[in-house]
Ligand SMILES: [Zn+2]
Ligand SMILES: [Zn+2]
């Protein structure tokens, strides 16, 4: 793993990121926004999510995800460990 990827101060925009919600496995990437203020969200190598400006920040496993797929039934669903690792590898593939 390169030093770049493990740098926790590096925030990656989630603009090409598959839905990490437990059980969803959507193949479509979405533009992810914060549920509270609709700002773009970013992820770092520690698996933390924060929205633009850093107002809301949480662990990726505690963050709710909703990609618009009918699977969600309109609900925000948390990511599980497996989805998290998968999503991380996708997002940090720069
Ligand atoms: Zn926010
Ligand atoms: Zn989804």
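We did not get these values from a lab; they are worked out from the coordinates using the rules stated. For clarity, every value in this text was computed on a predicted model and none was experimentally measured. Positions of Cβ are generated from backbone atoms using ideal geometry, with glycine treated the same way; all protein chains shown enter the neighbour counts.
Quick look at the values:
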| read-out | value |
| --- | --- |
| 5 Å-binned pair-distance histogram of region 38-84 (Cα, whole percent) | 5, 21, 26, 25, 16, 5, 0 |
| Estimated inter-spin distance, residue 52 and residue 26, nm [label 7 Å along Cα→Cβ] | 1.9 nm |
| Nearest-0.05 FRET efficiency for residue 10 and residue 73, computed from C-beta distance (R0 35 Å) | 0.55 |
| The chain, helix-only ellipticity at 222 nm - DSSP H runs n ≥ 4, -39,500 (n - 2.57), divided by all residues, nearest 500 | -3500 deg cm²/dmol |
| Stokes-Einstein diffusion coefficient of region 12-91, Kirkwood radius over Cα pairs, 20 °C, 1.002 mPa s, in µm²/s | 175 µm²/s |
| Inter-part distance where region 5-50 and region 54-93 are each reduced to a Cα centre, Å | 7 Å |
| Of 83, 26, 70, the one that fluctuates the most in a GNM where the chain has Cα springs shorter than 10 Å | 70 |
